[in-house]
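For reference, the structure is listed below as structure tokens.
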Amino acid sequence: MNEVLRRIPLERHKTLVGIALDAGFSSRSTFQQVFRQHTGKQPSEFLPKTSEIAISDV
């Protein structure tokens, strides 16, 4: 999961599922389950805040 979170700002051209599969997750459902356990949010709830942070840090 840490690898996925590290890659999100670096691979903006990819979907979260694409990043997760590249990082070693075997399926979308497994990724979504682990993501919720790790962050307490759905992947779709996480992305807008990540984008806002990345834009404000530039």
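The values are calculated or read from the model by the stated rules, or taken from the named source; none is laboratory data. What you see is a predicted model, and the numbers here were worked out from it, not measured in a lab. Neighbour counts run over all protein chains shown; Cβ positions are idealised from the backbone, glycine included. To get the accessible areas, we keep the full protein, side chains included, count just its heavy atoms, and leave off ligands, DNA and RNA. Shrake-Rupley method; radii C 1.70, N 1.55, O 1.52, S 1.80 Å.
At-a-glance table
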quantity: Any pair with Cβ under 7 angstrom, 6 or more apart, that starts in segment 21-39 at a residue that is under 11 Å from Met1 (Cβ atoms) and assigned to a loop (DSSP other than H, G, I, E, B) and ends at one that is of a type outside the set (Lys, Arg) and open to solvent by less than 100 Å² (accessible area, probe 1.4 Å); calculated: Ala23/Glu3; Ala23/Val4; Phe25/Phe31
quantity: Filtered residue count, segment 15-24, keeping only those that are closer than 14 Å to Pro43 by Cα and open to solvent by less than 70 Å² (accessible area, probe 1.4 Å); calculated: 5
quantity: Residues of segment 2-11 that turn out to be in a loop (DSSP other than H, G, I, E, B) and without any contact (Cβ under 8 Å) to a residue 12 or more places away in the chain, as a count; calculated: 2
